[in-house]
1. Mind grabbing the base-10 log of I(q)/I(0) for the range 99-179 at q = 0.12, 0.14 Å⁻¹? Debye formula, identical points on the C-alpha positions, no solvent, two decimal places.
2. For the range 52-147, would you read off the P(r) tail past 18 Å as a percentage of all alpha carbon pairs?
3. So how many Å³ per residue does the convex hull of the Cα atoms of the chain work out to?
4. Can you give me the relative contact order of the chain as a percent, contacts being Cα pairs under 8 Å and 6 or more apart?
Amino acid sequence: MTVERADISDAEELGRVAAETFPLACPPGSGAEDIAAFIAENLSAERFREYIGDSTRTVLKAVGEGRILGYVLLNSGAPADPKVASVIVPRPVTELSKMYVLPGQHGNGVSGALMSSALDAARSAGSVAVWLGVNQENARAQRFYGKHGFEVAGTKTFMVGSELHQDYVMLHEFSGAGR
Ligand SMILES: CC(C)(COP(=O)(O)OP(=O)(O)OC[C@H]1O[C@@H](n2cnc3c(N)ncnc32)[C@H](O)[C@@H]1OP(=O)(O)O)[C@@H](O)C(=O)NCCC(=O)NCCS
């Protein structure tokens with residue numbers, strides 16, 4: 001298994017992986033129509049082509065068995081949400097915007113390799129910290145992020161279709177940052 005930067009030719013497959021994995025991050029009881037609306041709006045192949053071509057974003061893919069097993073999307077720049085900006089103070093900072101691994105690949109190191117590459121990419125880009133939002137009911141992801149040095153810094157909300165979801169905001173500060 002390797003982790004590499006995605007390119008435009010990966011957009012279709014990334015869209016399929018995203019559509020399969022996004023529902024796993026939503027709390028039980030989330031509306032199927034709201035999830036489908038979010039996927040159509042944010043996780044289509046067309047959107048991935050935009051993400052990959054955007055110099056403020058980085059898309060990393062984990063590849064094994066000849067296919068994409070998971071992906072990460074990083075955003076550079078200060079948080080746009082004022083509630084996030086009030087608790088995420090370090091600058092420059094990177095957002096870990098998406099972190100998704102196919103269900104058959106959980107617990108086998110794919111996600112850890114993606115996370116290591118994501119943190120390396122953020123640090124190489126000059127960031128002193130990485131932040132993310134995670135659904136308050138997504139205990140597995142919270143535990144995973146905790147293992148990788150993220151701590152809860154605050155809360156925010158996140159729209160999935162017409163549903164308002166409650167997130168934790170988590171922060172990983174690089175040691176020695178700012179010195
Ligand atoms: C989040 C994700 C990337 C983590 O990858 P992973 O391979 O599952 O992570 P790991 O197995 O290394 O770590 C998960 C930890 O949560 C634990 N865990 C599993 N289910 C849990 C639960 N219901 N409650 C609490 N902890 C749980 C696991 O035991 C493991 O901890 P351990 O290593 O101490 O035993 C992956 O699960 C995923 O893609 N999930 C679906 C999409 C998603 O939720 N993405 C995050 C959006 S913010």
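Bear in mind these aren't lab numbers, they're just calculated from the coordinates by the rules spelled out. Since this is a predicted model, take the numbers as computed values, not measurements.
1. Evaluating at q = 0.12, 0.14 Å⁻¹ gives log10 I(q)/I(0) of -0.39, -0.53.
2. 48 percent
3. Cα convex hull per residue, to the nearest whole number: 111 Å³.
4. With pairs under 8 Å counted, the relative contact order is 22 percent.
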